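Every number in this text was worked out from the coordinates using simple rules, so none of it is lab data. Small disclaimer: the values here were computed from a predicted structure and weren't measured. Heads up, the Cβs are rebuilt from the backbone with ideal geometry, glycines too, and the neighbour counts pull from every protein chain shown.
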Amino acid sequence: MPDDAQDPIAPGLYLVATPIGNLGDITLRALDILRRVDLIACEDTRQTQKLLNHFEIATPTVSCHEHNEHRRAEELLASLKTGARIALVSDAGMPGISDPGTWLATEAIAAGLAVIPIPGANAALSALVASGLPTGEFHFIGFLPEKAGARRTRLEELAASFKGGVGCTLIFYEAPHRILDTLEDLESVWGPEVRVVVARELTKIHEEFLRATVAEARRELASRDRIRGEITLLVAPPGQGEKEPGAAAAVPQKVAVRVAQIQAESGVDEKEALKRLARELGQSKSDVYRELQRERARLSTGFRGTRKAI
């Protein structure tokens, strides 16, 4: 810690990210803030206390969850207005992202109080960067409605929004007891060939990435005795690889990634993987192969340039 680590920190509301599984993912800054604030507002004080005990942090805690956030916010805001330093944490990840915290942060800002983010682990971004799906543009939806009819309607709305193959990677959170129903609805709305990634138990011992078509993923999970752990579900850009009437489908920007996925999933060689990808895209095998060669050439050029710079 810096020499001034024991100096009082600035008054305000600190939105502190906590680990989504592995306790080692908490940041040094988060630990410092949790030690030095006057109070920690928690989604579940029992869950947060485990974290605090592990790192020997004795800061007092108070509950602030979806059922009492509005009432608790009044008390916390009153303290903040007198110069208090309060940290807000959820059970895991960033507060306010599919977790309580948004209301309190909004009210604090409206009152002219300082709101300071303390970044850290996030399940959606962790799953995205390791998914193999496009990362340049993505849409975080969070949890879908629990009721079947409302969930299906929401998925149909999303499909309509991305009609014509223009879209981005979609990211959902889902509970293990609902994942099969959600995959079934996805398959019904977008078809059995849409690509999905089921990221389960992120950063934990049994971390898993299931990369497959939605039909394959549903069959695999349905074959298990039990589905456990928190789940992040990613869906490839709706319409990606589908052919529009009167026009050829575009080759994805990262053919090499998709070829590698097909090889890993099916155990086929590169030639067969290219053939399958060509069928998937409605393109000729030669077009897909040329794009693969262009990608490799760009990568090779980038490496040569790096070596020269060194």
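Below is a table of values for the structure above.
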item	result
Region 118-181 and region 205-232: distance between their alpha carbon centers, rounded to Å	16
The chain: relative contact order as a whole-number percent, Cα under 8 Å and 6+ apart	15
Shape category assigned to region 1-103 from the gyration tensor of Cα positions, a/c cut at 1.5	oblate
Neighbour-count order for Ser223, Ser126, fewest beta carbons within 10 angstrom listed first	Ser223, Ser126
Residue exposure sequence - Asp32, Asp91 - by fewest surrounding Cβ within 10 Å	Asp32, Asp91
At R0 = 41 Å, FRET efficiency that the Cβ-Cβ distance of Ala78 and Ser188 yields, to 0.05	0.25
In the chain, lysine pairs closer than 18 Å at Cα, eight or more apart or cross-chain	10
Gain upon complete extension [Glu201, Glu270; 0.36 nm per residue less C-alpha separation]	21.8 nm
Total charge dipole magnitude, region 12-121, about the Cα centre, Cβ charges on Lys, Arg, Asp, Glu only, Debye to nearest 20	300
Contact order relative to length of region 122-240, as percent, for alpha carbon pairs under 8 angstrom and 6 or more apart	35
Selected from Gln283, Ala123, Thr27, residue furthest toward positive end of dipole (the chain; charges at beta carbon)	Gln283
Shape call, region 135-218: gyration tensor on alpha carbons, a/c limit 1.5	prolate
For the chain: rounded, prolate or oblate by the Cα gyration tensor [a/c cutoff 1.5]	prolate
Computed E for Ala148/His67 - FRET, C-beta separation, R0 30 angstrom, nearest 0.05	0.75
Rounded tilt (10° steps) of 179-190 against the dominant C-alpha axis of the chain	50
Ranked Thr61, Thr106, Thr82, criterion: other C-beta atoms within 10 Å, fewest first	Thr82, Thr106, Thr61
